[in-house]
Amino acid sequence: MTVHARAKAVETIRTAPLFDIVVDLNPRLEFGNGGALGRRVLFGAAGGSFEGPGLRGEVVAGGGDWALFRPDGTMLLDVRLTLRTDDDELVHMTYQGRWVIPPEVRAEMADPATRFRIDPARYYFRTNPLFETGSTRYAWLNDVVAVGTGYLVDGGVAYHVERVL
């Protein structure tokens, strides 16, 4: 039996804005080349902020992205952050993702003084945030699947995050 004979039409995936987040970064820490897997780098979170409909606050320093740069230049994200809402609740945010920089953009991306000016449409930077909190006010986040589009900003990285409905 073929797959399409058992597949059903389902609702088209829809999203709604959750928040925009800017994560300020510490100087990166290089773990070096791990062989065939690639080069491991820690981009430590130094702080930041987030804001969206009904949700805003700060990024607590201390999390980060334990990124792996594959030999083909694609970065695999492995991020853990702590968010503190403006009403003092804590939310654990994790995400993985892919940042694919085409070969023709890599030379420009190598300059830390100007790479944040590169149009994000010239690369693919997507994430899949998940959340965990014990807060009763934000417990709804425990059941949210989100998607994010990333881009560089001066001194850090930013994401537009959408909740999958």
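Below are the figures for this structure:
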| read-out | value |
| --- | --- |
| Of the criteria (1) of a type in the set (A, V, I, L, M, F, W, C); (2) free of Cβ contacts under 8 Å to residues at least 60 places away in the same chain; (3) not in a loop (DSSP other than H, G, I, E, B), which one residue 10 fails | (3) |
| Where residue 14 falls short, out of the listed (1) crowded, with 17+ Cβ neighbours inside 10 Å; (2) under 19 Å from residue 164 (Cβ atoms) | (1) |
| Any hit, the stretch 59-81, residues being more than 21 Å from residue 125 (Cα to Cα), at pLDDT 95 or above and surrounded by 14 or more Cβ atoms within 10 Å (Cβ to Cβ) | yes |
| Elements of type strands (runs of 3 or more DSSP E) contained in the stretch 65-150, each with 1 or more residues being of a type outside the set (Gly, Ala, Ser) and over 18 Å from residue 15 (Cβ atoms) | 75-85, 90-100, 130-132 |
| Per-region count, the stretch 126-149, residues more than 21 Å from residue 165 (Cβ to Cβ) and either polar (S, T, N, Q) or surrounded by 14 or more Cβ atoms within 10 Å (Cβ to Cβ) (or both) | 2 |
| Tabulated pairs, the stretch 69-86, first in contact (Cβ under 8 Å) with a residue 40 or more places away in the chain, second of a type in the set (Ser, Thr, Tyr) and part of a loop (DSSP other than H, G, I, E, B), C-beta under 8 angstrom, 6+ apart or interchain | 85/135; 85/138 |
| Tabulated pairs, the stretch 26-54, first part of a loop (DSSP other than H, G, I, E, B) and at pLDDT below 90, second crowded, with 17+ Cβ neighbours inside 10 Å and of a type outside the set (D, E, K, R), C-beta under 8 angstrom, 6+ apart or interchain | 34/68 |
| Test: residue in the stretch 157-165 that is basic (Lys, Arg), in contact with an Asp or Glu (Cβ under 9 Å, 6 or more places away or on another chain) and within 22 Å of residue 51 (Cα to Cα) | no |
| Residue count for the stretch 86-125, restricted to those that are surrounded by 11 or more Cβ atoms within 10 Å (Cβ to Cβ), over 24 Å from residue 162 (Cβ atoms) and hydrophobic (A, V, I, L, M, F, W, C) | 2 |
| Hits in the stretch 17-57 - residues which are surrounded by fewer than 16 Cβ atoms within 10 Å (Cβ to Cβ), small (Gly, Ala, Ser) and over 25 Å from residue 76 (Cα atoms) | 54 |
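The values are calculated or read from the model by the stated rules, or taken from the named source; none is laboratory data. Keep in mind the model is a prediction, meaning the values are calculated, not measured. Positions of Cβ are generated from backbone atoms using ideal geometry, with glycine treated the same way; all protein chains shown enter the neighbour counts.
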